[in-house]
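Read through the structure below, which is laid out as structure tokens, and then see the notes.
The values are calculated or read from the model by the stated rules, or taken from the named source; none is laboratory data. Just so it is clear, the structure is predicted and the values come from calculations on it, not from any experiment. Cβ: placed from backbone, ideal geometry, glycine included. Neighbour counts: every protein chain shown. Side chains included, ligands, DNA and RNA excluded: accessible areas come from the protein's heavy atoms. Shrake-Rupley method; radii C 1.70, N 1.55, O 1.52, S 1.80 Å.
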Amino acid sequence: MLDHPDLQRLAKAAPFLWLNGGYQQTQSKGSELSLADMQAAEQRLQRFAPLLQQLFPELSEAKGLIESALLPAPKMQQQLASSSAFSGTLLIKADHQLPVAGSIKARGGIYEVLCFAEALALEQGLLSAGDNYGCLLEPAAKKRFSEYQVSVGSTGNLGLSIGLMAAALGFKASVHMSVEAKAWKKQRLRQHGVEVIEHSDDYSRAVAAGRQIAADDPKAYFVDDENSRRLFLGYSVAALRLQRQLQAQGIRVDAEHPLMVYLPCGVGGAPGGICFGLKQLFGDFVHCFFAEPTQAPCMLLGMASEFKDDLSVYDLGLSIHTEADGLAVGQASAFVGGLMQPLLSGIYTVSDAQMFKDLKRLYQSEGHKIEPSAAAGFSGPDRLLNSPAGASYLEAQQLQHCIAGATHLVWTTGGSLVPDAVYRAWLD
Ligand SMILES: *Cc1c(COP(=O)(O)O)cnc(C)c1O
């Protein structure tokens with residue numbers, strides 16, 4: 001397997017765009033998850049909205065919905081167009097400003113904690129159908145929740161999202177952090193009463209350790225980032241919300257106006273859930289590309305090798321080391337990879353140097369502060385519009401004639417909680 005040309009290319013750690021040979025233009029509907037599952041997830045979030053609004057004052061304007069803006073980015077578009085040919089319109093989906101957890105992880109992580117809380121509360125008679133979920137904040141419910149432990153393995157942001165939400169509901173919360181996790185994320189969790197267990201190993205090992213500890217405890221619930229359908233569906237709700245935002249802003253998505261979406265990818269749940277959701281809603285009119293660090297291209301490795309031989313990026317001689325801590329993953333989720341096989345257009349790799357360049361360009365042009373992981377998306381339009389692989393994709397999908405009418409949507413996945421000193425050091 002390691003002599004496969006795509007893998008040899010990955011091992012060189014030079015940025016490139018890989019096209020997914022499994023991509024299918026009108027997919028068969030035989031997936032294990034459906035639009036109805038997404039809608040059910042959205043309704044669950046709606047039921048919890050009053051509770052979330054009570055817990056987090058920052059959600060009051062949005063009435064308890066955790067959502068980010070869809071923003072124009074004309075100055076960043078100029079920046080992109082000044083370094084290489086650009087056509088179409090650049091937009092930003094600003095998850096770096098997502099309330100409560102400051103990253104895309106707020107979508108899936110918080111959703112999964114709410115799923116667990118709802119099921120437990122119904123089972124224990126703390127809640128009946130039709131109740132205002134605010135009742136879960138009363139002392140009796142909190143006391144019961146405090147007997148249970150919610151845990152997760154994380155490179156940082158998922159731990160923040162799960163830990164903060166679980167602790168706010170009264171659960172004991174513990175986060176197994178991989179060696180890449182940033183000190184300020186651990187500190188913030190501890191301040192909120194979350195137990196942080198530090199591992200000297202990478203992300204996959206931190207997850208395995210957390211999974212093992214929780215398996216031995218009947219009152220422990222482990223959020224399994226590598227296999228979780230709940231996380232995946234929580235992320236997918238973003239697609240329904242984006243659809244409304246596009247409509248409200250009069251942005252067309254159709255045969256003449258394709259939507260090209262660029263999503264930073266770690267283990268795969270967040271970008272996978274969103275890609276899945278967008279494909280349910282927009283079908284062939286949306287084209288999703290994942291972005292990964294050159295030193296940690298785990299989803300590209302998994303999909304190109306069809307998840308055979310249990311390969312990790314170390315097997316390619318790569319280090320996994322990247323300042324994009326949210327993407328520092330050695331092995332992607334095979335569950336997500338399987339779902340992506342007919343849906344995903346391609347994956348491109350990005351050097352840390354390029355991420356920092358785009359982090360800075362975005363700050364100087366639009367004033368947004370994002371973390372390095374979140375900057376990986378901005379290489380996407382150039383890769384699609386100015387590489388031989390990109391040209392062959394546009395040709396195969398018959399998009400050349402309408403690419404000027406395309407919307408390039410870069411998903412900025414994290415950053416608003418980053419301390420100023422840390423951000424300034426990145427700018428320098
Ligand atoms: C986790 C993360 C991602 C990727 O999500 P996965 O579910 O791990 O693929 C992207 N950006 C940021 C900032 C993240 O924290």
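Name every residue in region 145-163 that is open to solvent by less than 10 Å² (accessible area, probe 1.4 Å), away from the ligand (no atom under 16 Å from the Cβ) and within 21 Å of Q212 (Cα to Cα), in order of residue number. Matches in region 145-163: V150, S151. Looking for whichever is within 19 Å of the chain's Cα centre (by Cα) and either touching a residue at least 60 places away in the same chain (Cβ under 8 Å) or more than 16 Å from the ligand (Cβ to nearest atom) (or both) here; the options are A374, A396, A353. Which one fits? Only one candidate qualifies: A374. Any residue at all in region 4-17 that's within 20 Å of V253 (Cβ to Cβ) and either surrounded by 12 or more Cβ atoms within 10 Å (Cβ to Cβ) or modelled with pLDDT of 95 or more (or both)? No - not one qualifying residue is present in region 4-17. Scanning region 386-415 for residues that are in contact with a helix residue (DSSP H, G or I) (Cβ under 9 Å, 6 or more places away or on another chain), open to solvent by 40 Å² or more (accessible area, probe 1.4 Å) and under 21 Å from E292 (Cα atoms) returns a single hit, A391.
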